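A.B. asks: Sharing a structure, written as structure tokens. Questions coming.
The values are calculated or read from the model by the stated rules, or taken from the named source; none is laboratory data. Since the model is a prediction, treat every value here as computed from it, not as a measurement. Glycine gets a Cβ as well: all are built from the backbone with ideal geometry, and neighbour counts include every protein chain shown. When the accessible area is computed, the model is the full protein with side chains, heavy atoms only, and any ligands, DNA or RNA have been set aside. Shrake-Rupley method; radii C 1.70, N 1.55, O 1.52, S 1.80 Å.
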Amino acid sequence: MRVAVIGTGALGCIYAARLARHAHVSMLGTWTQGIEAIRAGGINVVEGDGRMWRAVVPVYTDPVGVDGVDVALVLVKSYQTARAAAWAGDLLEADGLAVTLQNGLDNYAALSSAVGEDRAGVGVTYNGATMLGPGEVHHVAHNLTYLGATPVTEKRVAAFAQLLDRAGLHTQVGQDIEARLWGKAVANAAINPLTALWRVTNGELLQTEDRRWLLTRLAEEAANVARTKGIVLPFEDPVGFVESVCRTTAANRSSMLQDVERGRQTEIDSINGIIVAGGRGLGVPVDINEVVWRLVRAL
Ligand code: KPL
């Protein structure tokens, strides 16, 4: 299978490095330092237990010169999705599949409008990865990837899921991807802004009463918005779920914390921003989400 991974950040590097052992993988991105480092020294992966290995992957700054691919895996920041989706459209074979595994609730719409619904897929990943430097990534938490399938995409999604599994990225395919997306958004809405504001790891959110209080309120509000929209979340207890994500990704520095530490734009609008707008539209209280949304935007 020929796969283009679009995005050279932490998760882009993890997926590209692992897939490169089992498929023809290329990468595309815009982060100059990351691209130069991967060209010079490949992707250096540090496993949870400290072992290190390297994958050599060709990396490009635009789709010109890249051969057609079967799968374009989109792992850029949510505010970069429009460009990544256009690139995916340029790269994909007629029967190819573009898959977004990004954080946020607005990526699939942008991707499917660029490549067409019959060539668009969406999933969520609970893998936790921290960028150690350009081209160097720590795979802190090995967790599940979920991929959504429709009757039109299911064969291609199943083939990609098998490839991910072979690459050690354990994957489940299901029809309930809207619920999974919202489930992930509940976790991101609670974990990401708090870790970014307090500069703590995901696990450290559970350490004090004040941190848990805010984590709880954020998760409950986000879950109420989802339920009022008619979404049956993949868990009964949003707080228990978010706490379990904090535990399974305990050592990770969330993607939003990594963005803030590098002085980069965050994905707050695609996570808490959409939850706030949804809550307001439906009359569901989202005051705490609004406060952290504004705090992170101000940061
Ligand atoms: O998605 C994540 C992120 O950091 O964006 C989690 C699952 C919270 C892992 O850190």
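A.B. asks: What order do you get for 187-196, 270-279 when each peptide is scored by the mean count of other beta carbon atoms within 10 Å, highest first?
C.D. replies: 187-196, 270-279
A.B. asks: Determine the sum of side-chain charges near GLU290: Lys and Arg each +1, Asp and Glu each -1, restricted to other residues whose C-beta is under 13 angstrom from that of GLU290.
C.D. replies: Within the 13 Å Cβ shell, the charges total +1.
A.B. asks: If I take R0 = 30 Å and measure r between the Cβ atoms of HIS22 and THR61 in this structure, what FRET efficiency does the formula 1/(1 + (r/R0)^6) give, to the nearest 0.05?
C.D. replies: Efficiency at R0 = 30 Å is approximately 0.75.
A.B. asks: On to the next question. Can you run phi through the Karplus equation (6.51, -1.76, 1.60; θ = phi - 60°) for region 63-71 and list ³J(HN,Hα) in whole Hz, with x for Gly and Pro?
C.D. replies: x, 5, x, 8, 5, x, 10, 7, 9
A.B. asks: Related question: Quick one: ranking HIS139, HIS24, HIS170 by accessible area, 1.4 Å probe, largest first, what do you get?
C.D. replies: Greatest to least solvent exposure: HIS24, HIS170, HIS139.
A.B. asks: Shifting gears a bit: If you count the DSSP beta bridges with both ends in the chain, what percent of them are antiparallel, to the nearest 5?
C.D. replies: Once the DSSP bridges in the chain are tallied, antiparallel ones form about 30 percent.
A.B. asks: Skipping prolines and chain starts, which residues have an amide H placed within reach, meaning under 5 Å, of the one on VAL59, given they are 5 or more residues away or on another chain?
C.D. replies: Hits under the 5 Å cutoff: MET27.
A.B. asks: Treating the beta-carbon of each Lys and Arg as +1 and of each Asp and Glu as -1, no other charges, what is the dipole magnitude of the chain about its Cα centre, to the nearest 20 debye?
C.D. replies: That gives the chain a dipole magnitude of about 420 debye.
A.B. asks: In region 249-288, what percent of the accessible surface is made up of carbon and sulfur (1.4 Å probe, ligands and nucleic acids excluded)?
C.D. replies: 54
A.B. asks: Sticking to Cα atoms, compute the Rg of the chain to one decimal and its Dmax as the biggest Cα-Cα distance, whole number, in Å.
C.D. replies: Here Rg and the maximum Cα pair distance are 18.1, 54 Å.
A.B. asks: When a/c reaches 1.5 or more, the comparison of a/b and b/c decides; with that in mind, is region 55-185 rounded, prolate or oblate per its Cα gyration tensor?
C.D. replies: Taking the square roots of the gyration eigenvalues as a ≥ b ≥ c, region 55-185 is rounded.
A.B. asks: Using DSSP to call loops (not H, G, I, E or B), can you name the GluC sites (Glu not before Pro) in region 191-253 whose Cβ has at most 13 other Cβ atoms within 10 angstrom?
C.D. replies: Working: sites: GLU204, GLU209, GLU220, GLU221, GLU236, GLU243; in loops: GLU236.
Sites meeting the loop and neighbour criteria: GLU236.
A.B. asks: Let me ask you something else. Hey, in the GNM for the chain with a 10 angstrom Cα cutoff, which one of LEU97, LEU218, LEU233 fluctuates hardest?
C.D. replies: Highest fluctuation of the listed residues: LEU233.
A.B. asks: Related question: Nearest 500 deg cm²/dmol is fine: what mean residue ellipticity at 222 nm does the chain get from its DSSP H runs of n ≥ 4 alone, each adding -39,500 (n - 2.57), divided by its residue count?
C.D. replies: -14000 deg cm²/dmol
A.B. asks: Which order do you get for TRP182, TRP213 if you rank them by accessible area with a 1.4 Å probe, largest at the top?
C.D. replies: The ranking, largest first, comes out as TRP213, TRP182.
A.B. asks: Run the numbers for ASP176 and ASN143: contour at 0.36 nm per residue of separation, minus the present Cα-Cα distance, in nm. Working shown, then result.
C.D. replies: On the way: separation 33, 0.36 × 33 = 11.88 nm, distance 1.84 nm.
Between ASP176 and ASN143, full extension yields an extra 10.0 nm.
A.B. asks: By the gyration tensor of its Cα atoms, with a ≥ b ≥ c the square roots of the eigenvalues, what is the shape of region 180-299: rounded for a/c under 1.5, prolate for a/b over b/c, or oblate?
C.D. replies: Taking the square roots of the gyration eigenvalues as a ≥ b ≥ c, region 180-299 is oblate.
A.B. asks: Using a Förster radius of 51 Å, what is the FRET efficiency between THR216 and ASP90 based on their Cβ-Cβ separation? Nearest 0.05, please.
C.D. replies: Computed FRET efficiency for THR216 and ASP90: 0.70.
A.B. asks: Just the accessible area for ARG18, please: 1.4 Å probe, Å², rounded to the nearest 10?
C.D. replies: We get 20 Å² for ARG18.
A.B. asks: Starting from 0.36 nm per residue, how many nanometres of slack lie between VAL232 and GLU47 once their C-alpha separation is accounted for?
C.D. replies: Extra length available between VAL232 and GLU47 comes to 63.1 nm.
A.B. asks: Straight-line reach only, C-alpha to C-alpha below 18 angstrom: list the aspartates and glutamates that LYS155 could link to, leaving out same-chain residues fewer than 8 apart.
C.D. replies: ASP70, GLU93, ASP95, GLU117, ASP118, ASP165, ASP176
A.B. asks: Right, another one. Could you calculate the FRET efficiency of LEU299 with ALA277 from 1/(1 + (r/R0)^6), where r is the beta carbon distance between them and R0 is 25 Å, rounded to 0.05?
C.D. replies: 0.80
A.B. asks: Let me ask you something else. So which lysines pass the test for LYS184, namely a Cα distance under 23 Å, with those fewer than 8 places away in the same chain ruled out?
C.D. replies: The reachable lysines, counting only those whose Cα sits under 23 Å from LYS184, are LYS77, LYS229.
A.B. asks: Turning to a different aspect of this structure: What whole-number value in Å² describes the accessible area per residue of region 1-134 for a 1.4 Å probe?
C.D. replies: Normalised by residue count, the accessible surface of region 1-134 is 38 Å².
A.B. asks: Can you give me the angle between helix 287-298 and the longest principal axis of the chain, using Cα atoms only, in degrees from 0 to 90, rounded to the nearest 10?
C.D. replies: Helix 287-298 sits roughly 50 degrees off the main axis of the chain.
A.B. asks: For a test of the definition: using alpha carbon positions, the gyration tensor, and the 1.5 limit on a/c, classify region 23-80 as rounded, prolate or oblate.
C.D. replies: Since a/c reaches 1.5 and a/b is larger than b/c, the shape of region 23-80 is classed as prolate.
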